[in-house]
1. Return the pairs, sorted by first residue and then second, in which the second residue is among the basic types (K, R) and in a helix (DSSP H, G or I), the first residue lies in the stretch 363-383 and is under 14 Å from N334 (Cα atoms), the beta carbons are less than 7 Å apart, and the residues are 6+ apart or on different chains.
2. Output the residues belonging to the stretch 169-210 that are part of a strand (DSSP E or B) and within 13 Å of ligand 2 (Cβ to nearest atom).
3. Kindly provide the set of residues from the stretch 19-50 that are open to solvent by 40 Å² or more (accessible area, probe 1.4 Å) and out of contact with any strand residue (DSSP E or B) (no Cβ under 9 Å at 6 or more places or on another chain), ordered by number.
4. Out of everything in the stretch 242-256 that is within 15 Å of ligand 1 (Cβ to nearest atom) and either without any contact (Cβ under 8 Å) to a residue 12 or more places away in the chain or not charged (D, E, K, R) (or both), what residue ends up being most open to solvent (accessible area, probe 1.4 Å)?
5. List every residue pair whose Cβ atoms sit under 7 Å apart, with the two residues 6 or more apart in sequence or on different chains, where the first one lies in the stretch 279-290 and is assigned by TED's automatic domain parsing to the domain that holds L242 and open to solvent by less than 10 Å² (accessible area, probe 1.4 Å) and the second, anywhere, is more than 12 Å from ligand 2 (Cβ to nearest atom) and assigned to a loop (DSSP other than H, G, I, E, B).
6. For the stretch 249-325, which helices (runs of 4 or more DSSP H) that fit wholly inside it have 1 or more residues that are within 26 Å of A190 (Cβ to Cβ) and over 34 Å from the mean Cα position of the chain (by Cα)?
7. State all residues of the stretch 4-18 that are surrounded by fewer than 21 Cβ atoms within 10 Å (Cβ to Cβ) and at pLDDT 90 or above; if no residue qualifies, say none.
8. Is it fair to say K332 is of a type in the set (D, E, K, R) and open to solvent by 60 Å² or more (accessible area, probe 1.4 Å)?
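The values are calculated or read from the model by the stated rules, or taken from the named source; none is laboratory data. On a predicted model such as this, the values are computed, not experimentally measured, just so you know. Note that we place each Cβ from the backbone using ideal geometry, even for glycine, and neighbour counts take in every protein chain shown. Just so you know, the surface numbers come from the protein's heavy atoms only, side chains and all, with ligands and any DNA or RNA stripped out. Shrake-Rupley method; radii C 1.70, N 1.55, O 1.52, S 1.80 Å.
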Amino acid sequence: MVFKILVVDDEESVAVALSRHLARDGYQTSWVKSGEEALEKLFQEDFHLVFLDLFLPGLAGISVLEKIKAEFPEILVIILTAYENVKMAVQTMKMGAFDYLTKSCDMEELRVLVKKALETKKLRKEVKSLRAEIDRHQEAMIIIGNSPQIQEVRHLIQKVSEIDHCTVLIMGESGTGKELVARTIHRRSARTKNPFIDISCSALPSSLMESELFGFERGAFTDAKNRKLGLIELADGGSLFLDEIGTLDHSMQAKLLRFLEQRSFRRVGGIKDISVDISVIAAANNDLRKMMEEGSFRHDLYYRLNVFLIPVPPLRKRKEDIPLLANHFIHKFNQEFHKSIKRLHPSAEQVIMGYNYPGNIRELKNIIERAMIMEERDVITIDSLNLFKPPGTDALDLQHHGLDHMMGEEKALNEKLPLRELERQYIISVLKETDGNKAQTAKILGIARSTLFKKIKEYHLADNDE
Ligand SMILES: Nc1ncnc2c1ncn2[C@@H]1O[C@H](COP(=O)(O)OP(=O)(O)OP(=O)(O)O)[C@@H](O)[C@H]1O
Ligand SMILES: [Mg+2]
């Protein structure tokens, strides 16, 4: 990057000498004779640094400084005057000048100062972009929603994050925000500066899971050429997030239970007990209680984890949060896609409100993301939503089995229909086409027969209902 410097001085000899000198150091320089010219130039071109003489004809240097700081606060200004004047120096520094030099200073001093100024500028820019990064991160951590259910979740998060050393169990359907809850607990707690380590229990087979969690000693098995620390050890001082805990097999359940009870463990192949100070946050999207009753999840582990339960409700049980969430995602994707979509069109909002979100908030987020990619106007209209298919129709080729087509003569794709209604009509039309043949209907819809039966029941489509 080439830095651009503007010299403002009515004494041509000084201005030219200074510009040439700086140009030799690789800076791009320009000079002007008055404050008025300086401001005009700054409006036309981007500069990083300005050398400003205080005694100028016309607009006084001090007023030029004031204007520069008001209009271009990013630009660094170094004051250059013929006479040493401490009072003036203090005043200009207070007004935001970077430094103050007399024209009798030696060139080396000046070069060092320029270098320092521009480094400061680079640092400021880095700090600014880091701040923006942090803000983005924090923004992503906001739990949106006003429903009593989500307020209760927030209340529980607040309570548990005040406690050190907690064990929390977060339960909810897929996409309801369990991970967001876990991260928020960590961020609000006193452990926030220490690591938050997350592991998805379903990602690894049990044999690897053990060494991933507890680590191993050198020589513990053939490939163990060096000691490796496990995630539990890496989380020391912080929080360990065990996602999809219901997928752990019996032997890992037993090992995890032992760790939770003793808060110490041995690395695989090790003989030493290692203690750690961690909060454990577990999440499950399946019915752990049912798994426990069926015998696939240990009672003792269930109760050990269930010290503090945070149930995260599905989106269809808190529909009043949908518009808030939708707006939140519109804002988020505006920033990401450099768009300026204002809101949902009322008819699109009606569709969004009518849907029942089996994939919960993640699904709503995806729907908005996709609509925002499609949308060319500044509101999300029903047109950019109507590409998405009723659940279970993924396997269909919509070119041939498109909704319009399936609705036949009725041309019934009334744009104001909520999605559930669309889905219901779609199923009815396919059932009609197949003369009520459920197997064939399920095949055309691309869903399991059991799902079709569920839908038929849900929408009261049993023969006598139609
Ligand atoms: N209340 C909320 N406010 C804002 N964003 C949310 C909220 N709840 C969830 N999200 C967002 O929805 C997405 C899904 O959330 P998250 O990954 O936490 O769900 P999950 O319950 O862990 O899902 P899964 O069971 O599939 O792992 C994320 O992008 C998350 O930031
Ligand atoms: Mg998750």
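1. Hits for this filter: zero, empty list.
2. Answer for the stretch 169-210, where residues must be part of a strand (DSSP E or B) and within 13 Å of ligand 2 (Cβ to nearest atom): I170, M171, G172, D198, I199, S200.
3. R24, D25, G26, E36, F43, Q44
4. T247
5. S279/H165; S279/C166; S279/S189; S279/R191; L288/F297
6. Of the helices (runs of 4 or more DSSP H) lying wholly inside the stretch 249-325, those with at least 1 residues that are within 26 Å of A190 (Cβ to Cβ) and over 34 Å from the mean Cα position of the chain (by Cα) span 250-262.
7. K4, D10 - these are the residues of the stretch 4-18 that are surrounded by fewer than 21 Cβ atoms within 10 Å (Cβ to Cβ) and at pLDDT 90 or above.
8. No.
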